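Worksheet: the structure to be examined is printed underneath.
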Amino acid sequence: MSASSLLFKSTRVAGLEVRHRIVMAPMTRSRSTQPGDIPNAMNARYYAQRASAALIVTEATQISPQGKGYSFTPGIYSPEQVAGWRLVSKAVHAAGGRLFLQLWHVGRMSHPDFHNGELPVAPSAVPFEGKIWKADPATGVGTMVDCPTPRALTTGEIKGIVADYRRGARNAMDAGFDGVEIHGANGYLVDQFLRTTSMRFLKQVVDSVADEVGAERTAIRLAPFLTARGMACPDILPTILEATQYLQTRGIAYLHLVEADWDDAPQFTEEFRQAIRARFTRPIIVAGRYDKVRAEWVLSKGYADLVAFGRPFLANPDLPHRLANDLPLATFDSGALFGGGRRGYSDYPNCRDTGRAGEVRKRRTSMPAPPTRSTFGSVAAIQSNQRHRFKPTAGSKVFTGHPNQASDSP
Ligand SMILES: Cc1cc2nc3c(=O)[nH]c(=O)nc-3n(C[C@H](O)[C@H](O)[C@H](O)COP(=O)(O)O)c2cc1C
């Protein structure tokens with residue numbers, strides 16, 4: 001590690017002193033205990049293994065049954081879920097880590113099968129192109145399925161959803177989290193409202209969460225350049241800049257920006273980075289195909305204060321150590337991303353503990369290129385790929401939705 005490395009310079013975020021600038025990006029892994037979408041000991045082990053991140057942002061977590069859009073994702077609305085998340089926060093804190101829970105309402109990115117046959121909800125009832133990953137609970141086999149045209153929310157229902165965000169934030173505090181990140185990116189409900197060029201819903205959600213748990217424990221993730229999932233909106237950049245100004249006045253913990261994570265997508269321009277920085281003086285986190293060199297660059301320009309890594313954290317639980325020492329990075333098993341047990345989840349070794357298995361994993365040192373063009377779409381393609389890979393075979397371990405299957409010792 002070079003003495004001048006900015007990535008390994010300590011800083012403060014959300015009132016916490018952190019030793020470096022490497023954040024673990026939120027990543028859905030669809031391994032909660034069923035029924036009930038309850039986080040479990042295996043999840044606690046997975047997160048604790050990655051506790052050397054400056055901050056962990058958990059996988060997106062639905063604030064209500066209506067907020068769900070993918071199979072086996074965890075919630076933060078029932079007492080059982082709060083107890084499950086407590087296992088996670090305890091394990092991460094015991095390992096010296098810090099963690100924010102990502103609060104999620106998918107809006108129209110969902111399917112009637114998650115809602116007793118009712119339509120998913122959205123700001124308005126317009127058709128759009130979007131797919132979600134849905135598994136058959138009996139077999140654990142998942143496929144990408146189209147989202148139907150949603151129904152429009154009423155004003156009263158919107159108030160109820162804002163209250164659900166508040167309750168989710170309170171529950172996260174009760175579960176021992178250091179804060180919450182509102183998922184305002186990737187075409188989910190907050191983003192759907194933003195693309196109507198209205199900031200009202202974002203403001204209501206941020207206000208209610210910040211009033212409940214404090215602005216210093218409230219953060220948000222936004223995806224300014226997203227165009228997939230029906231999110232192409234010519235006025236989005238001015239809307240995001242206006243929102244940024246509002247977030248600055250609210251004094252939130254940090255602003256987390258999703259950058260292009262596919263090859264030929266529109267990149268953040270320096271002009272846009274400067275416009276964001278001019279409006280937001282508190283910590284900015286960026287994510288999207290960062291490696292050490294690009295991370296040092298974005299920090300050196302002052303455009304960001306921390307850098308979130310997603311895919312590199314999957315197979316490299318000790319990613320900060322590997323980056324600090326320029327060690328090779330292991331590649332992840334794309335067939336084990338969503339659903340399943342500990343294989344391809346909590347069984348990746350640290351460098352220091354590698355035996356033979358670790359050596360084998362380390363042979364390939366580069367990250368595979370994301371297979372598709374959309375921000376979360378790259379994940380969607382991996383999920384789609386999994387349709388072929390994640391089939392039950394004689395003796396194979398397939399997630400069946402049985403409560404005991406997705407459990408492990410912490
Ligand atoms: C398996 C997987 C699951 C993801 N789930 C989420 C999620 O729950 N919430 C979210 O905001 N982003 C999610 N993302 C996007 C990542 O947080 C990150 O922005 C993206 O992977 C780009 O970073 P990377 O190039 O370092 O992987 C996910 C990405 C992956 C690979």
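Out of the range 123-191, which GluC sites (Glu not before Pro) are coil in DSSP terms and have no more than 10 other C-beta atoms within 10 Å? Before the final figure, lay out the partial values.
Working: sites: GLU129, GLU157, GLU181; in loops: GLU129.
Those that pass, being in a loop and sparsely packed, are GLU129.
Give LYS68/LYS131; LYS68/LYS203; LYS131/LYS159; LYS68/LYS159; LYS134/LYS159; LYS9/LYS292 a once-over and call out the pairs whose C-alpha atoms are over 20 Å from each other.
Going by Cα-Cα distance, LYS68/LYS203; LYS131/LYS159; LYS134/LYS159 fall outside the 20 Å limit.
For GLU80 and GLN274, what does the FRET efficiency come to when R0 = 41 Å and r is the distance between their Cβ atoms, rounded to the nearest 0.05? Please report the intermediate quantities before stating the final value.
On the way: r = 46 Å, r/R0 = 1.13.
After rounding to 0.05, the efficiency reads 0.35.
How far apart, in nm, are the 7 Å Cα→Cβ label points at ALA152 and GLU118?
In this crude label model, ALA152 to GLU118 measures out at 1.9 nm.
Give a residue-ordered list of calculated ³J(HN,Hα) values for the range 11-23 (Karplus: 6.51 cos²θ - 1.76 cosθ + 1.60, θ = phi - 60°; whole Hz; x for Gly, Pro).
Per-residue couplings from phi come out as 7, 10, 9, 6, x, 10, 7, 10, 7, 8, 10, 9, 9 Hz.
Determine ³J(HN,Hα), in whole Hz, for all residues of the range 317-325 in sequence, where each value follows from phi through the Karplus function 6.51 cos²θ - 1.76 cosθ + 1.60 and θ = phi - 60°; x replaces Gly and Pro.
x, 9, 3, x, 4, 5, 5, 4, 9
Amide H of THR33 versus every other amide H placed in the peptide plane: which residues, excluding those fewer than 5 positions away on the same chain, fall under 5 Å?
Long-range HN contacts for THR33: ILE38, ASN40.
If you count, for each residue, the other Cβ atoms within 10 Å and average over each peptide, how do 305-313, 82-90, 67-75, 159-167 line up from highest to lowest? Walk me through the intermediate numbers first.
Details: 305-313: 23.7, 82-90: 21.1, 67-75: 25.3, 159-167: 18.3.
Per-residue Cβ counts within 10 Å, averaged per peptide and sorted highest first, yield 67-75, 305-313, 82-90, 159-167.
Each residue of the range 330-337 in turn: what ³J(HN,Hα) in whole Hz from Karplus with 6.51, -1.76, 1.60 and θ = phi - 60°, glycine and Pro shown as x?
7, 9, 9, 8, 6, x, 10, 6
Can you give me the distance in nm between label points at CYS233 and ASP211, each placed 7 Å from the Cα along the Cα-to-Cβ direction?
With each label placed 7 Å out from Cα toward Cβ, I get 2.3 nm.
Return the long-range amide H neighbours of TYR70 (sequence gap of 5 or more, or a different chain), with a cut-off of under 5 Å between placed amide H atoms.
Under 5 Å from the amide H of TYR70: no residue qualifies.
Where a number appears in this text, it was derived from the coordinates with a stated rule and is not lab data. The shown structure was predicted, so the numbers you read here are calculated from the model rather than taken from an experiment. Don't worry about glycine lacking a Cβ; one is built from the backbone with ideal geometry, like all the others, and counts go over all protein chains shown.
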